[in-house]
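S.K.: Before I ask anything, here is the structure I am working with.
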Amino acid sequence: MSVPLVRVIFFDIDDTLYSSTEFAGRAREASIDAMLARGLRIDREKALVELLRVVEEFGSNDGHHFQRLLHRLPKAATAEVNPNLLVSAGMMAYHETKWRELRLRSEATDVLKFLAETPVALGVVTAGITSKQMEKVLRLGIDQWVDPSLIFITDEVGIAKTNPKLYTLAARKARVPVSEAMHVGDHPTRDVNSAAQAGLFTVWHRGSGKYAALSPKKGPDHTISGLRELPEILATYYRLES
């Protein structure tokens, strides 16, 4: 029985290479604390709960989370302070947290370093706004290991991760058939189902992110709880290009 060949591996970023769920939680807490320190008058936990509702309703890429939050709070919460000052304080605290704490998981660093020494090409398939996701590529240092021509951001490409054509495109740009490509990600639908439908090998990173309780409908070929498990999978089930 022939052993499959994998010539390119694509990685999701958020909650795969770093814990975006944990980071976002810390950043939002820092933002609320900064707003409270500048005069926002409301219980901290109530403010955090309402901010999370705003994010869930409008999406993480919405640029007006803090403005929307203030509009939804009782008038007494902002009666004695300039709302624009509060918004700016929240945004500053969020970005300061990003600069200070946006880091790859240590196991992600180790695995990317390991794979960069092999013949396998490395790329990224990620959902989000181009500027935000590319900033993550740079701040996390992913660019030192992945092929810059193999970075695919849904906003830039114009194809959502729910569409298998995104993964077909990624494999084609890597100049390999989909049967020799692999995708690693945490989202059961956008990362596993879509990549599997396109014909890629799929590795479901079932970690502690917000999608950990969901299950893919198709596949995956492998399920891992941490990226440290990936090299063994590659050694056991696949062969590298000679």
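S.K.: Out of (1) surrounded by 19 or more Cβ atoms within 10 Å (Cβ to Cβ); (2) more than 20 Å from the chain's Cα centre (by Cα), the odd one out for R28 is which?
M.R.: (2)
Yes/no matrix, rows are residues, columns are (1) under 13 Å from the mean Cα position of the chain (by Cα); (2) in a helix (DSSP H, G or I); (3) under 24 Å from L69 (Cβ atoms):
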| position | (1), (2), (3) |
| --- | --- |
| S88 | no, yes, yes |
| K98 | no, yes, yes |
| L112 | no, yes, no |
| V125 | yes, no, no |
| M134 | yes, yes, no |
| D143 | no, yes, no |
| D155 | no, yes, no |
| A160 | no, no, no |
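S.K.: Quick check on V49: is it outside any strand (DSSP E or B), touching a His at 6+ places or on another chain (Cβ under 9 Å), of a type in the set (A, V, I, L, M, F, W, C) and modelled with pLDDT of 95 or more?
M.R.: Values: outside any strand (DSSP E or B): yes; touching a His at 6+ places or on another chain (Cβ under 9 Å): no; of a type in the set (A, V, I, L, M, F, W, C): yes; modelled with pLDDT of 95 or more: yes.
When the stated conditions are applied, V49 does not pass them.
S.K.: Determine which single condition V54 fails, assuming it passes every other condition in (1) touching a Leu at 6+ places or on another chain (Cβ under 9 Å); (2) over 26 Å from I129 (Cα atoms).
M.R.: For V54, the failing item is (2).
S.K.: Which of the residues that make up region 15-33 are among the aliphatic types (A, V, I, L, M) and over 17 Å from A89 (Cα atoms)? Full working, then the answer.
M.R.: Just the residues of region 15-33 that are among the aliphatic types (A, V, I, L, M), to begin with: 17, 24, 27, 30, 32.
The answer is L17, and nothing else.
S.K.: For the condition surrounded by fewer than 18 Cβ atoms within 10 Å (Cβ to Cβ) and not in a helix (DSSP H, G or I), what is the one hit in R175, R228? Don't jump to the end; show me each part of the working.
M.R.: Details: R228 fails: not in a helix (DSSP H, G or I).
Only one candidate qualifies: R175.
Every residue, every condition in (1) more than 19 Å from T109 (Cα to Cα); (2) in contact with a Leu (Cβ under 8 Å, 6 or more places away or on another chain); (3) among the hydrophobic types (A, V, I, L, M, F, W, C), yes or no:
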{"position": "Q133", "(1), (2), (3)": "no, no, no"}
{"position": "K136", "(1), (2), (3)": "no, yes, no"}
{"position": "T154", "(1), (2), (3)": "yes, yes, no"}
{"position": "N163", "(1), (2), (3)": "yes, no, no"}
{"position": "R175", "(1), (2), (3)": "yes, no, no"}
{"position": "V178", "(1), (2), (3)": "yes, yes, yes"}
{"position": "A181", "(1), (2), (3)": "yes, yes, yes"}
{"position": "G199", "(1), (2), (3)": "yes, no, no"}
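The values are calculated or read from the model by the stated rules, or taken from the named source; none is laboratory data. Bear in mind the structure is a predicted one, so any value in this text is a computation, not a measurement. Cβ: placed from backbone, ideal geometry, glycine included. Neighbour counts: every protein chain shown.
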